[in-house]
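Okay, so here's the structure we're looking at.
The values are calculated or read from the model by the stated rules, or taken from the named source; none is laboratory data. Just so you know, these numbers come straight off a predicted model, no measurement behind them. Neighbour counts are summed over all protein chains in view; Cβ atoms, including those assigned to glycine, are modelled from backbone coordinates with ideal geometry.
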Amino acid sequence: MRLLLLTLILVPFYTFSQYGSVELSSGGFSFVPAFTDSSPNVILNAGTGTKKRISAYMIGNIRMNTLTPRSFIFVTQIKLLDRKDKKLKLSGGIIFPLIQIEEDYTVNTYFSQRLGATYPISKKWILKSDYIHGKGTNNDLEINLITLTGILQQNKFSFATQIYYLDLDTTYGFAETINYRLSSRFDLRGFINQTISSNQFIWTAGIRYRL
């Protein structure tokens, strides 16, 4: 059952992808840093690239201890403002389906909309902001997420510092993602999150292989 589910979801998407990666991590990815899984995960990423006006990508999380799927996120986005003579870039998109699978195989699905902006401050610094509205399709959950991220590229290192606000339980905090490129194929990755509203601290570490 596990193998069949993974095959049906992953094989079609990877077949048409232009890039992909597999990460072994001590935790699992979440758009909301406060919802990061603190247990070991395999994180899968694949996409069509970002050069065209419309692009798509997928992020999948698999629990490493049981090899059961945890979540799959499919994003389709379109460039709204991407002129070469303008620094500000705008994009919009949908996140559907967003599938959350509990350990007892209960499946929750969500439909979300995303609006994002990027602005290069310098050759090394980029400022990004995102707004995501999500609503359950088979449940009553509804959220609004706002993030502001500063990204610094320094030689083989990249640092992404993010502050976020989620209207669910008035959740807010900050997160830091550190990436170090070992080679053209391998990256070391570290992540820390401090949810100020609940005084929750999470950290993860992983190694990523680019396909």
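Looking across Phe191, Phe157, one residue alone is aromatic (Phe, Trp, Tyr), modelled with pLDDT of 95 or more and surrounded by fewer than 18 Cβ atoms within 10 Å (Cβ to Cβ). It is Phe157.
If I filter segment 143-155 for residues that are of a type in the set (Gly, Ala, Ser) and farther than 27 Å from Leu188 by Cα, do I get at least one hit? Talk me through it step by step, then tell me what you get.
Pass one, segment 143-155, residues of a type in the set (Gly, Ala, Ser): 150.
From what's left, farther than 27 Å from Leu188 by Cα: none.
No, segment 143-155 contains no residue that is of a type in the set (Gly, Ala, Ser) and farther than 27 Å from Leu188 by Cα.
Among the residues of segment 83-103, how many are outside any strand (DSSP E or B), of a type outside the set (A, V, I, L, M) and over 17 Å from Gly28 (Cβ atoms)? Result for segment 83-103: 5.
The rows are residues; the columns are (1) surrounded by 14 or more Cβ atoms within 10 Å (Cβ to Cβ); (2) touching a residue at least 60 places away in the same chain (Cβ under 8 Å); (3) within 15 Å of the chain's Cα centre (by Cα).
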{"site": "Ile94", "(1), (2), (3)": "yes, no, yes"}
{"site": "Ile101", "(1), (2), (3)": "yes, no, no"}
{"site": "Gly116", "(1), (2), (3)": "yes, no, yes"}
{"site": "Gly136", "(1), (2), (3)": "yes, no, no"}
{"site": "Asn139", "(1), (2), (3)": "no, no, no"}
{"site": "Leu145", "(1), (2), (3)": "yes, yes, yes"}
{"site": "Thr161", "(1), (2), (3)": "yes, no, yes"}
{"site": "Arg185", "(1), (2), (3)": "no, no, no"}
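Can you confirm whether segment 10-27 contains a residue that is at pLDDT 95 or above, closer than 27 Å to Thr204 by Cβ and in a loop (DSSP other than H, G, I, E, B)? Yes, there is a match, as at least one residue in segment 10-27 is at pLDDT 95 or above, closer than 27 Å to Thr204 by Cβ and in a loop (DSSP other than H, G, I, E, B).
Considering Thr171, Thr177, which residue is touching a strand residue (DSSP E or B) at 6+ places or on another chain (Cβ under 9 Å), among the hydroxyl-bearing types (Ser, Thr, Tyr) and free of Cβ contacts under 8 Å to residues at least 24 places away in the same chain? Quick ask: steps written out before the conclusion?
On the way: Thr171 fails: free of Cβ contacts under 8 Å to residues at least 24 places away in the same chain.
Going through Thr171, Thr177 in turn, the sole match is Thr177.
Each residue in segment 118-158 was checked for being under 21 Å from Val75 (Cβ atoms) and of a type in the set (A, V, I, L, M, F, W, C), and 9 pass. Within the option set Ile73, Ile43, being surrounded by 14 or more Cβ atoms within 10 Å (Cβ to Cβ), outside any loop (DSSP other than H, G, I, E, B) and in contact (Cβ under 8 Å) with a residue 60 or more places away in the chain holds for one residue only, Ile43.
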